[in-house]
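Scroll down for the structure; my scribbles are underneath it.
The values are calculated or read from the model by the stated rules, or taken from the named source; none is laboratory data. Note that the coordinates shown come from a computational prediction; the quantities given were computed from them, not determined experimentally. Glycine gets a Cβ as well: all are built from the backbone with ideal geometry, and neighbour counts include every protein chain shown.
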Amino acid sequence: MKIICVIPARAESTRFFEKPLALICGKPMIQWVYTHCKEVECFEEVYVATDSEKIKNACEAFGARVVMTSSDHDTATERLYEVSTRIPANLYVMVNGDEPLLTKEYIVQCIPDKLPENDIYVSNLMTDFSNPVEVVDATNLKIVTAADNRCLFISRSPIPYPKGNMDYVYHKFVGVGAFNRKALEFYHNTPRGPIEKIEENDSFRFLENHMPIYYYNCHCKSLSVDNRKDIEGVEKYLNENKAKL
């Protein structure tokens, strides 16, 4: 099974312009992500997918392979689809460029032992919330799964609602996903549904069309960078855990 890793990186973020190039302990954030992805033994290759010449040049400066993609993509998954039309593989693992703390032992947990021959395959990672304040923060996606890890629903609201029982650990999205080519083709050829538009979460492209996707709890420390203030928390964690990273 040929597996490649793709790190989507766009410059035109409205909340944080040129976020992939933000310095974290002296290195661009995208370099932290790329370095961790290169440590995954089963990846045949790791690519940064971007529409920015500035990001391309910065990535090539530290040795990354870069695929230039269209600037018209609304989602990272659509950018991944474009890469899949140009680089053949059995499985495409997408690692978000704003997850500088994810190391190889966590990234591989979305990779199956084998792929279905004729079916769509999509898997993602999640982890436990450690801070109750994050549960009510709409920037964090809350994941609800069945016993077999199949995703039941995703929301920016706290779900499930603790009416009958408070004994529940909430789970949040971690920016790693795996797709076979058939899944990416389905995504590309299927219009956005009403729930996807409301929640602004493209996993609903599959859920609203009765396509199973799976979320695996990797029990990792996830500090994704959404704004400049988040960098302080990431740098603090990196400085306290140099031996691990």
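Within the set of pairs 6+ apart or on separate chains, which have a first residue in segment 183-201 that is within 16 Å of LEU80 (Cα to Cα) and assigned to a loop (DSSP other than H, G, I, E, B), a second that is modelled with pLDDT of 95 or more and of a type in the set (A, V, I, L, M), and C-beta atoms under 6 Å apart?
That search, which allows pairs on different chains as well, returns ASN201/ILE154.
Can you report the number of residues in segment 132-157 which are more than 20 Å from the chain's Cα centre (by Cα) and of a type outside the set (Val, Ile, Thr)?
4
Of all the strands (runs of 3 or more DSSP E) wholly in segment 61-151, which have at least 2 residues that are among the aliphatic types (A, V, I, L, M) and either surrounded by fewer than 16 Cβ atoms within 10 Å (Cβ to Cβ) or free of Cβ contacts under 8 Å to residues at least 40 places away in the same chain (or both)?
In segment 61-151, 65-68 are the strands (runs of 3 or more DSSP E) which contain 2 or more residues that are among the aliphatic types (A, V, I, L, M) and either surrounded by fewer than 16 Cβ atoms within 10 Å (Cβ to Cβ) or free of Cβ contacts under 8 Å to residues at least 40 places away in the same chain (or both).
Among residues belonging to segment 168-180 that are of a type in the set (A, V, I, L, M, F, W, C) and in a strand (DSSP E or B), point out the one that is nearest to ASN96 (Cα to Cα).
Per the stated criteria, the residue is VAL176.
Keeping to segment 14-62, report how many residues are out of contact with any helix residue (DSSP H, G or I) (no Cβ under 7 Å at 6 or more places or on another chain), more than 25 Å from GLU105 (Cα to Cα) and among the aromatic types (Phe, Trp, Tyr).
So the count comes out to 1.
Kindly provide the set of residues from segment 27-58 that are in contact (Cβ under 8 Å) with a residue 12 or more places away in the chain, under 19 Å from the mean Cα position of the chain (by Cα) and assigned to a helix (DSSP H, G or I), ordered by number.
Result: MET29, ILE30, GLN31, TRP32, VAL33, TYR34, HIS36, CYS37, ILE55.
Among the candidates THR77, THR85, single out the residue that is modelled with pLDDT of 95 or more and under 13 Å from GLY177 (Cβ atoms).
Residue meeting the stated conditions: THR77.
Please indicate, with yes or no, whether at least one residue in segment 154-167 is of a type in the set (Val, Ile, Thr), surrounded by 11 or more Cβ atoms within 10 Å (Cβ to Cβ) and more than 23 Å from THR103 (Cβ to Cβ).
Yes, some residue in segment 154-167 is of a type in the set (Val, Ile, Thr), surrounded by 11 or more Cβ atoms within 10 Å (Cβ to Cβ) and more than 23 Å from THR103 (Cβ to Cβ).
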